[in-house]
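Have a look at the structure below, then the notes.
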Amino acid sequence: MKFLKVNLLIVVTIIMASCGSSGPTVKDDVKKLKSYDSYAYLPNKDTIISRDYDNDAINSTIIETINANMRENGFRLDKLQPDVLVYVHPMFDEQVAVNANPVYTNYPYYRPGLYVGPYYRDFMYDNYFTIQRINGPRVKQVPYRERTIVIDFIDRRTNEILWRGTTDETIATRRIERETREYVDEIFKALY
């Protein structure tokens, strides 16, 4: 009987040790993201209000640069059933912190195409308006810095944020298009 108790205690100890409470790591997130192969955008209504910036031009540059990086990393656009949804936060205006977890996409409307910027139209997930709440344990709050961009990669099936990308830099205003491209490229360098 004593032998059975000792063996049972050893087995329970081994099982408990293997069930560690370590959280997901960036390496885990990147590995999971690399297992996907298609993407589309969750458009947002975040527009750059400041007249110092051309909202359509900046957002078009962001989308074009993300598309180039996604293709370069083996992703293909799939508007019907993408594996990954890309959600962009261009932070060029007033100081409002990026949401942590959960993130609510701002679609208080249900009519497809309503209020969506033209830069998203050819690349957005067809059923984007059905995604209202995005969550996930991996998301840390990103402090607001003017002229920065945050890019979220979201698992379409679970609505969990797989990875949130940004850099420590800010976008210069002199050559804003070039700086925006370099900024987005820098985010992807951290990912791959």
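Things to note:
- For the pair residue 175 and residue 71, the difference between a 0.36 nm per residue extended length and the Cα-Cα distance amounts to 34.9 nm.
- Extension gain (nm, one decimal) between residue 186 and residue 34, 0.36 nm per residue minus Cα-Cα: 53.0 nm
- Extension reserve of the residue 130-residue 47 stretch, reckoned as 0.36 nm per residue once the Cα distance is removed: 27.8 nm
- Seen from residue 74, the other residues with C-beta closer than 10 Å to its C-beta sum to a net charge of +1, counting Lys and Arg as +1 and Asp and Glu as -1.
- With neighbours defined as other Cβ atoms within 10 Å of a residue's Cβ, the residues 168, 152, 52 order from fewest to most as 168, 52, 152.
Laboratory data are not the source of any read-out in this text; all were calculated from the coordinates shown. Keep in mind that what you see is a predicted model, and the values were worked out from it rather than measured. Note: ideal-geometry Cβ built from the backbone for every residue, glycine included; neighbour counts use all protein chains shown.
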